[in-house]
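Novice: Here's a structure for you.
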Amino acid sequence: MTTADVPGRLAYASAAGRWVLTATILGSGIASIDATVVGIALPAIGRSFDTGLQVLQWVVTAYTLTLAGLLLLAGALGDRYGRRRVFAIGVVWFAVASVLCGIAPNAAVLVAARALQGVGAALLAPGSLAILQASFLPDERSKAIGAWSGLGGVATAIGPFVGGWLVGIGASSWRLIFAINVPIAVLVVYLTWRHVPESRDEAASGHVDMISGALVTAGLIGVTYGLIEGQALGWGSATVLAALAGGVALIAVFLWRQTRLRHPMLPLGLFASAQFSATNVVTFVVYGALGGALFLLPIQLQQVAGYSPLRAGVSLLPVTIVMLLLSARSGALAARIGPRLQMSAGPVVAGCGMALFARITAGGNYLAQVLPAVLVLGLGLAITVAPLTSTALSSAPAAHAGTASAVNNDVARAAGLIAVAVLPAAAGITSAAYTSPVLLSAGFHRAVLICAGLCVLAGLLAAATIRDVHALPPARSAGGEVLEEEPWLSCAVDAPPATPAGVPARADRPPAAPAS
């Protein structure tokens, strides 16, 4: 048996370690790229199927629904049955669903295939980082996770460029954005089975709680259906009211069930920490604003400003570049001075960037109207995201750090999901408005100002509720020793992955669940 066969024994500089790192980066990368390229492709998909805004909302939310609903369950499956096995299954599932997306004959099939894609993403997302945590030597984990985080950020950055280029080839070339997932997935599966050691939580026992996973997913579907269809069917429609009531009821049953289980999927005791609860409220507001704005922005750029898909994709690159350059420094600063200042100021700066999007009109000069907005937005997110993620983790007991990360991740995704469902209606973007550049532009301007207001609200909430780390009781080991807290780095735009950077990971801290 070689070192590569044994979990927890790999060195970062070894050939075996590099193969494991490559497999996990490529695996999580296909989900990251897919999340960004689909946004660029939405106008082309709408034209191809001759459909309106509601269907495009479902193209986005169907994926997020199953991903958010099953993320905690998927992490438990990996711990119980083997992280390598579940990761590989997720990659294969994602690839098959991508093929179904690419050959979808109509919008309904595409939406269903996107939901299946979300299932695959949920299976592979927690596994990529958990594999690194379990495979490398303790002193080498921070290097491996830092490389995974940085190179994953590069994948996020190139997604809009690749998507814009592929969509711009022809009328139905949006299908190619799904086809590119297949060869990457084949390579990932080969590398996984050839080089990645299997690992699992040997303490895990009993059955995996499939019922809780089904309850929260079905609840999110009901709520989302009601919010999206309410504008078309009427908010007093029996169908809409039944969907909303049923969804809320299922989520309530899920929460009640967590109080009855010995080993719940979501330990509600985490929310006894005021710091943890406040951080997740701020996360919900910030990522709701971000998800809503980034859903509508590519549509505005293409339908109103006349940008090509490639130009629209490239125009968003500065957001990711600024975050890649500044997130680590932001995390280090928060570790020195505490998170309160950055979590208060950062959302306000991001809100200013969103407000600047209201200047985008027909013609949309990039240097004058778009670039200032994306630079300010990127700066605001760089200030906010790393301390936000760090605070969500540091305010939870060390034994629940992995669950706390997954909860924070799910809160971010659920916020984006609800924002995509609600924001168009709140801004007056109806099906008729979607087909009229003038009406669409007016609705977009209202939408980004709403998002800007939400960001300012998030900053005020943070100022009122977040305490600096040095004011909190220090984390202690089982023997009562004070433990040094770790800095955490986050590079993603769509949701906050929590990845330790700069110091060796502690053996008592479970792996965090990353965003795709």
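The values are calculated or read from the model by the stated rules, or taken from the named source; none is laboratory data. Nothing here was measured: the structure is a model prediction, and the numbers come from that model. Cβ coordinates were reconstructed from backbone atoms using ideal geometry, including for glycine residues, and neighbour counts include every protein chain displayed. Surface areas here come from the heavy atoms of the whole protein model, side chains and all, with no ligands, DNA or RNA. Shrake-Rupley method; radii C 1.70, N 1.55, O 1.52, S 1.80 Å.
Novice: Excluding ligands and nucleic acids, what accessible area in Å² is computed for V248 using a 1.4 Å probe, to the nearest 10?
Specialist: Near enough 90 Å² of accessible area.
Novice: Oh, and also: How many Å² of accessible area per residue for the chain, probe 1.4 Å?
Specialist: Here the residues of the chain average 37 Å² of exposed surface.
Novice: Taking only DSSP H segments of four or more residues, each worth -39500 (n - 2.57), what value at 222 nm results for the chain once the sum is divided by all its residues, to the nearest 500 deg cm²/dmol?
Specialist: Using -39500 (n - 2.57) per qualifying helix, the result is -24500 deg cm²/dmol.
Novice: Can you tell me the order of 358-371, 224-237 when each peptide is scored by its average per-residue count of other Cβ atoms within 10 angstrom, highest first?
Specialist: 224-237, 358-371
Novice: Give the peptides 294-304, 271-281 in descending order of average Cβ contacts within 10 Å, highest first.
Specialist: 294-304, 271-281
Novice: L10's amide H: which non-local residues (gap 5+, or another chain) put their own amide H closer than 5 Å, with H modeled 1.01 Å from N in plane and none for Pro or chain starts?
Specialist: F136, L137
Novice: Whenever you get a sec, compute what percent of the accessible area on region 1-136 sits on carbon and sulfur atoms (1.4 Å probe).
Specialist: Heavy-atom surface of region 1-136 belonging to carbon and sulfur, 1.4 Å probe: 66 percent.
Novice: State the Cα centre-to-centre distance between region 163-190 and region 220-238 in whole Å.
Specialist: 33 Å
Novice: How much accessible area does I211 have with a 1.4 Å probe, in Å² rounded to the nearest 10?
Specialist: Near enough 100 Å² of accessible area.
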